[in-house]
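> Here you go, one structure.
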Amino acid sequence: MTATATLPTTSRSCPAPASTPLPPSSGSPLTAAYTRLTEAYPGLRVEERSAALGAPSEDGWFSAAELAADPGALDSFLDFDETQVRRDYGQSARPDVVASFGLHRYAWPACLLVTVPWFLHRRVPRLPVSSVSVHRASGRMSVHIDTFACLPEDPAAALPGAEVVADEEALRTRVRASVAEHLQPLLEGFGPRMRRGRRALWGTATDEIVEGLWYVGQLLGEGPRAMVELERLLPGRTAPYTGAAGFRTLVGPQGQELPTRNRASCCLFYTIRPRDTCTTCPRTCDADRIGRLTDSP
């Protein structure tokens, strides 16, 4: 459902990002990462809010906590997806398909709130569901960050709220834990409507992490490094996540290398357009992937 650009060949010698200077006093240790994310992907705008301001309460905003625990709020949230399916495809979708679309359209950007600061600056915010709200119509997400993890050499390590970890693997552990803490209540809220079990739901979480950062990494001009980092982040033995980043390479008609992967879960888009599956869908054979990635018949 989310377009994935053709990516260059993975280079396993890609360096890690350098330490990032502290932002101006008006920002936070995450501001630079969120600003760069919006510059690369204008469809998402991240707004940092202080504890004093609280979560936005105007019409159109949904807190992640509401989506996880309030069936009425989730109904209203999913109305957006049901309407969008009818508008874009001229037909209705099954309730489980609507719920799957809704979770995807929340979780894909929500994972970026954690993975992009880690990818760019090696800073990992903790984001419980009480700290995030989303405005569907405008593509905005509001975040409140109290604590973040970083490496010892990071200039932000001396700031209030910084939690210093020993090394890169410890920081990857924090990325997985932060996303899991945020998504678990949402998976519990969406899960019954999606008619999927725990393993399938955490497969969805795996795919949102991987495909979100993979796509944004390409927009940032760092696609190869994003693939390397994701393979280290999700090697396939990291419960509760199901599966691995799992990148593999196909060969195009001119001998070009075409990175791809098989999703760990199904987004159910095939129920709307059976012949228009994602290029990472297990239903899409390699020959079709090559043709679509190279725009060749």
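The values are calculated or read from the model by the stated rules, or taken from the named source; none is laboratory data. Keep in mind that this is a model prediction, so the values were computed, not measured. Virtual Cβ from ideal backbone geometry, glycine too; neighbours counted across all protein chains shown. Areas reflect the complete protein model, heavy atoms only, side chains present, ligands, DNA and RNA absent. Shrake-Rupley method; radii C 1.70, N 1.55, O 1.52, S 1.80 Å.
> With each label point set 7 Å from Cα along the Cα-Cβ vector, what nm distance links Ser130 and Asp295?
Here the answer is 5.0 nm between the modelled labels.
> From Cα coordinates alone, what are the radius of gyration and Dmax values for the chain in angstrom?
18.9, 58
> Still on this structure, please answer the following. Kyte-Doolittle mean at least -1.0 and Cα extent at least 24 Å along the axis: which DSSP H helices of the chain qualify? Each step should come with its number before you reach the end.
Working: long enough: 71-89 (26 Å, -0.82); 95-121 (39 Å, 0.79); 168-194 (37 Å, -0.39); 198-219 (32 Å, -0.04).
Those that clear 24 Å and a mean of -1.0 are 71-89, 95-121, 168-194, 198-219.
> For the range 235-297, what does the alpha-carbon gyration tensor say about shape, rounded, prolate or oblate, given a ≥ b ≥ c as the root eigenvalues, a/c under 1.5 as rounded, and a/b over b/c as prolate?
On the way: a/c = 4.13, a/b = 1.28, b/c = 3.23.
It is oblate, given that a/c is not under 1.5 and a/b is not larger than b/c.
> Now for a separate question. Under a plain spin-label model, where a point goes 7 Å from the Cα along Cα-to-Cβ, how far apart in nm are Cys285 and Ala69?
5.0 nm
> Ignoring ligands and nucleic acids, what accessible area does Tyr89 show with a 1.4 Å probe (Å², nearest 10)?
Estimated to the nearest 10 Å², Tyr89 gives 60 Å².
> Grab the beta carbon distance between Ser50 and Ala137, set R0 = 25 Å, and tell me the FRET efficiency rounded to 0.05.
Values: r = 24 Å, r/R0 = 0.97.
Given R0 = 25 Å and the Cβ-Cβ separation, E is 0.55.
> From Cα coordinates alone, what are the radius of gyration and Dmax values for the range 50-180 in angstrom?
Gyration radius and largest Cα-Cα distance of the range 50-180: 17.2, 54 Å.
> Under 8 Å for C-alpha pairs, at least 6 residues apart: give me the relative contact order for the chain, rounded to a whole percent. It would help to have the intermediate numbers written out before the result.
On the way: 462 pairs, mean separation 68.0, N = 297.
Once divided by the residue count of the chain, the mean separation gives 23 percent.
> Between Ser92 and Glu153, what is the FRET efficiency for a Förster distance of 45 Å, r being their Cβ-Cβ separation, to the nearest 0.05? Don't jump to the answer; show the numbers that get you there.
Working: r = 54 Å, r/R0 = 1.20.
Computed FRET efficiency for Ser92 and Glu153: 0.25.
> What three numbers, in Å, describe the spread of the alpha carbons of the range 211-271 along their principal axes, ordered from the longest?
So the three principal-axis extents are 39, 31, 20 Å.
> Tell me, what % of the accessible area of the range 122-246 is carbon and sulfur with a 1.4 angstrom probe? Before the final figure, lay out the partial values.
Working: 2360 of 4620 Å².
That share works out to 51 percent.
> Using only helices, what value at 222 nm comes out for the chain when you add -39,500 (n - 2.57) per DSSP H run of length 4 or more and divide by the total residues, to the nearest 500 deg cm²/dmol? Could the numbers behind the result be given before it?
Working: 8 runs with 131 residues, N = 297.
Computed ellipticity for the chain at 222 nm equals -14500 deg cm²/dmol.
> Something else: At q = 0.12, 0.18, 0.25, 0.27 Å⁻¹, what log₁₀ I(q)/I(0) does the range 62-137 have when each alpha carbon counts as one equal point scatterer in the Debye sum?
-0.40, -0.77, -1.15, -1.25
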